[in-house]
1. What is the packing order of peptides 46-59, 455-468, taking the mean over residues of other C-beta atoms within 10 Å and listing the highest first?
2. Determine the sum of side-chain charges near Arg263: Lys and Arg each +1, Asp and Glu each -1, restricted to other residues whose C-beta is under 13 angstrom from that of Arg263.
3. Could you compute how much accessible surface Arg196 exposes when probed at 1.4 Å, giving the result in Å² to the nearest 10?
4. Compute the signed sum of charges (Lys and Arg +1, Asp and Glu -1) over the other residues within less than 9 Å, Cβ to Cβ, of Gln315.
5. Considering the dipole of region 88-150 built from charges on the beta carbon (Lys and Arg +1, Asp and Glu -1) around the Cα centre, which of Ser137, Pro94, Gly119 is farthest to its positive end?
6. Taking a ≥ b ≥ c as the square roots of the eigenvalues of the Cα gyration tensor of region 297-431, is the shape rounded (a/c under 1.5), prolate (a/b larger than b/c) or oblate?
7. If you take every DSSP beta bridge whose two residues both sit in region 347-476, what share of them, in percent to the nearest 5, is antiparallel?
8. Please report the base-10 log of the normalised intensity I(q)/I(0) for region 76-133, using a Debye sum with one equal scatterer per alpha carbon and no solvent, at each q in 0.16 (1/Å).
Amino acid sequence: MGLGAASAGAFALGGTRVDGRDAAARPGAPFVTSQGAEPAVGPDLQEPAVRASQNGVLETSLTARLGPTTAAGNAVTSRVYEGGFPGPTLRVRPGDTLRVRLVNELTGDDAATNLHVHGMHVSPRDNGDNIFLHAMSGEHVDYEYRIPPDHAAGLYWYHPHVHGDSELQVNNGMVGAIVVEGGLDALPGVGDVTDRLLVLQATQFGPDGVVLGLEDQSNDGALRLINGQLNPTIRLRPGETQRWRILNASADSFFNLALAGHRLHQIAKDGNPQAEVWSRDAILLAPGERVEVLVQGGAAGTYELRTMLFGESFQAMPDVVMATVVVEGEPTDPQPLPVALLPFEDLSEAPVDLRREISFGISFPATGDPDFLTNGHTFDMDRVDQTVKLGALEEWTITNTTDEWHPFHIHVNDYQVVAVNGEPVRAWGHEDTTPVPPGGSITMRTRFRTFTGKFVYHCHLLFHEDHGMMGVIEVVE
Ligand SMILES: [Cu+2]
């Protein structure tokens, strides 16, 4: 498809092209406490520091602390790892061992924390991806993740998973990306182009720069940031292809992304390469979801990357500018998009060992806060909700009985969505986080590979998770 037709699609979705914006920084300006729909154009996009494995091992530490960091170009105070908003990017390869010392320097209430490696196919036992472990204030935990040699290459992330305080800590900025190298990196037109990481976050600071309590934040008031920057500038040449790895690392915010005048050519989802390119005008990312897209620079000019209106009531997300894309410089002939990417195991025709029904619901007691439920229960870490046999291929239908969206996520094993609202769908690949529509359902198939042990499945809106919308699964021999 030519760029002209592609542009029409993006414009029809409400993207606007802007020209001649003042890109100057605003030294000495007061702290920006609210985004507004048209924030001033910020400096060039920067990326978090990278810590890469050497000779099969990455050994590092992450210190969690309420302390000084930088967000939206200003000195702020928030709960972050290593003083970074977001934390450092960890780069590893299949077969590597990742060792992380989590040092907990949080204090006061809500100080317990832990670490989850979202989407990684690693053991949930012992000091692996075990969310039942905790580091109390002043303690540390040494995690070791042995990444299988056949691990899918792509974008993953780390964040706390302590029940009751996940929302606070993730909202405040305790997040970071994990890039597993390999896979699509070997493909011409993917691995040999400019590779950018975009970590999307949403939080809110007071006029003094201190992160606001969750009860004082709102969807309209939150700053929506990329790599901690407000409306950064992303540059590419006319015709140039870039690979953008995009992570929704917010606690509770949906991003409904569109780039004016450009299509987003999706090549991977949740760390899983797709078999083919999926060219899209807009991409909805629920909390926890990741995509990798190829972007091809259009005509010279300035274009807005926006998150567009989404959701209703508690989930109403505003339409705001996320980044300003400047297409400039020497034009180049656009590279053809790859025809084939990487095959995946299609589970839609595989024999199913067992089917399960999971429900997401909300109950409103006569007094007090609502309870957020899976299959009628709030989370109990001492109860096993689903017992699964190692190696089984199961089909789960996750039904949403509420009028809100709930992004489903399960640890350790990815899955393939085979139906939405009961209608069969074609899968582009495997995934680990999927928004379940209000009053609707998703049906997925998954194979419980490699690892026995206890882990969880839950809604990835962390307010809901913290308030009970999570269940325990145990995989047994
Ligand atoms: Cu939910």
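1. Order by mean packing, descending: 455-468, 46-59.
2. 0
3. Probe radius 1.4 Å; accessible area of Arg196 about 40 Å².
4. On the way: positive: none; negative: Asp252, Glu312, Glu404.
Spelling it out: positives minus negatives among the neighbours equals -3.
5. Pro94
6. Values: a/c = 3.08, a/b = 1.43, b/c = 2.16.
Because a/c hits 1.5 or more and a/b fails to exceed b/c, region 297-431 counts as oblate.
7. Bridges in region 347-476 are about 75 percent antiparallel.
8. Log-scaled intensity ratios, in q order: -0.64.
The values are calculated or read from the model by the stated rules, or taken from the named source; none is laboratory data. Keep in mind the model is a prediction, meaning the values are calculated, not measured. Glycine gets a Cβ as well: all are built from the backbone with ideal geometry, and neighbour counts include every protein chain shown. Remember, those area values only see protein heavy atoms, side chains included, never the ligands or the DNA or RNA. Shrake-Rupley method; radii C 1.70, N 1.55, O 1.52, S 1.80 Å.
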